[in-house]
1. Scan segment 111-126 and tell me whether some residue there is modelled with pLDDT under 80, touching a strand residue (DSSP E or B) at 6+ places or on another chain (Cβ under 7 Å) and farther than 30 Å from Ser166 by Cβ.
2. Please state which one of Ala87, Ala100 is outside the structural domain of Lys150 (by TED's automatic domain parsing), exposed (fewer than 10 other Cβ atoms within 10 Å of the Cβ) and modelled with pLDDT under 80.
3. Of the residues that sit in segment 147-189 and are part of a helix (DSSP H, G or I) and hydroxyl-bearing (Ser, Thr, Tyr), which one is farthest from the chain's Cα centre (by Cα)?
4. Quick check on my filter: what residues within segment 190-201 are in a helix (DSSP H, G or I) and surrounded by fewer than 18 Cβ atoms within 10 Å (Cβ to Cβ)?
5. Taking the options Ile42, Ile56, name whichever one is modelled with pLDDT under 85, closer than 29 Å to Arg73 by Cβ and exposed (fewer than 12 other Cβ atoms within 10 Å of the Cβ).
6. Taking segment 64-84 as the search range and keeping residues that are at pLDDT 75 or above and assigned to a loop (DSSP other than H, G, I, E, B), which one is farthest from Gln137 (Cα to Cα)?
7. Between a first residue in segment 96-109 that is free of Cβ contacts under 8 Å to residues at least 24 places away in the same chain and a second residue that is of a type in the set (Lys, Arg) and surrounded by 11 or more Cβ atoms within 10 Å (Cβ to Cβ), which pairs have beta carbons less than 6 Å apart while being 6 or more apart in sequence or on different chains?
Amino acid sequence: MGSNSNNFSEELIKKLYLIEEVRRCPHCGSDRLIYDPVRGEIICAVCGYVVSEREIDKGPEWRAFDSEEREKRSRTGAPLSRFTPDALATDIDWRSKDSAGRELGLRKKVEMFRLRRWHMRARAQSSLERNLGQAQQELDRLGAQLGLPKRVLDRARDIYRRALESGLVRGRSIESVVAAAVYAACREMKVPRTLDEIARYTRSGRKDVARCYRLLLRETMLRVPLPTPVDFAPRIGSVLKLSAATVRDAIEILKQAQQVGITAGKDPAGLAAAAIYIAALRRGEVRTQKEVARAAQVTEVTVRNRYKELAKKLKIDIPVKKL
């Protein structure tokens with residue numbers, strides 16, 4: 001009885017999963033078989049014998065000719081992230097109407113309310129998962145407003161998860177710790193974002209974000225490199241819509257300043273703004289100090305002082321702006 005059940009289960013598995021074996025034509029013995037997707041048949045290329053018919057098409061019913069079209073037509077959802085691996089990808093709508101647009105009865109509304117409640121409980125079964133869910137929403141919002149790439153957000157998730165497992169989030173604002181994790185990820189991945197810029201999109205304030213950032217560095221043993229002015233130059237040039245040659249000149253000015261040793265203790269964003277301002281003047285792509293300061297998120301006084309210092313120490317001839 002046991003052997004018969006085992007044989008039956010093996011055959012059932014073969015039928016369910018359609019295990020493909022090497023087939024040969026039973027008429028001529030050739031292994032040159034052709035699959036016709038239109039008719040669903042497997043035909044011998046030598047004698048034309050139909051080896052099998054009504055084959056199951058395992059591919060999609062639509063066609064796509066490029067990656068963008070394939071992504072639009074695909075109906076599968078996004079993959080689950082490491083941040084919320086057990087989260088359900090669907091939500092129950094709060095509208096009190098059915099698919100035909102008819103109003104639900106009282107009993108059905110109560111039933112849907114109970115289903116929503118159990119759905120929320122199933123999505124987060126522990127305090128850790130609930131905390132991660134709230135942090136995920138805050139991280140998505142912050143990443144969208146700052147325009148951060150996915151790799152930075154993934155690294156920020158890992159940093160926040162490590163902080164949560166270490167007990168650093170307890171007694172602190174989730175928003176502050178998420179902002180600190182984003183700033184640490186930007187520093188580590190060399191994506192130019194200042195602490196003031198990140199704190200501007202949070203309700204906690206710069207002081208709380210800076211405090212949480214120092215706590216992350218101290219307790220999680222993060223190795224964050226110091227920001228350099230060269231990292232900020234391409235971003236400022238992109239905001240001001242400057243040419244690539246101007247940005248390259250600004251980077252050369254910053255490298256010379258680093259060799260001389262006049263960048264120590266200075267704000268990297270201010271130095272990058274000053275170098276961009278000098279390079280733009282020399283290339284004829286004139287931008288005002290106010291425009292450069294706004295693009296670099298610094299003050300005009302900082303740009304003015306830094307560009308005068310760079311011009312003096314590096315002996316750069318700055319052309320006079322034509323009014």
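The values are calculated or read from the model by the stated rules, or taken from the named source; none is laboratory data. Here the structure is a predicted model, which means the values were calculated and not measured. Heads up, the Cβs are rebuilt from the backbone with ideal geometry, glycines too, and the neighbour counts pull from every protein chain shown.
1. No, every residue in segment 111-126 fails to be modelled with pLDDT under 80, touching a strand residue (DSSP E or B) at 6+ places or on another chain (Cβ under 7 Å) and farther than 30 Å from Ser166 by Cβ.
2. Ala100 is the lone residue from the list that is outside the structural domain of Lys150 (by TED's automatic domain parsing), exposed (fewer than 10 other Cβ atoms within 10 Å of the Cβ) and modelled with pLDDT under 80.
3. It comes out as Ser176.
4. Leu195, Asp196, Glu197
5. Ile56
6. The selected residue is Phe65.
7. Correct list of pairs: Ser96/Lys109.
Rundown of residues vs (1) loosely packed, with under 11 Cβ neighbours inside 10 Å; (2) of a type in the set (A, V, I, L, M); (3) in a helix (DSSP H, G or I), yes/no style:
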site: Arg114; (1), (2), (3): yes, no, yes
site: Arg117; (1), (2), (3): no, no, yes
site: Arg121; (1), (2), (3): yes, no, yes
site: Arg130; (1), (2), (3): no, no, yes
site: Gln136; (1), (2), (3): no, no, yes
site: Leu139; (1), (2), (3): no, yes, yes
site: Gln145; (1), (2), (3): no, no, yes
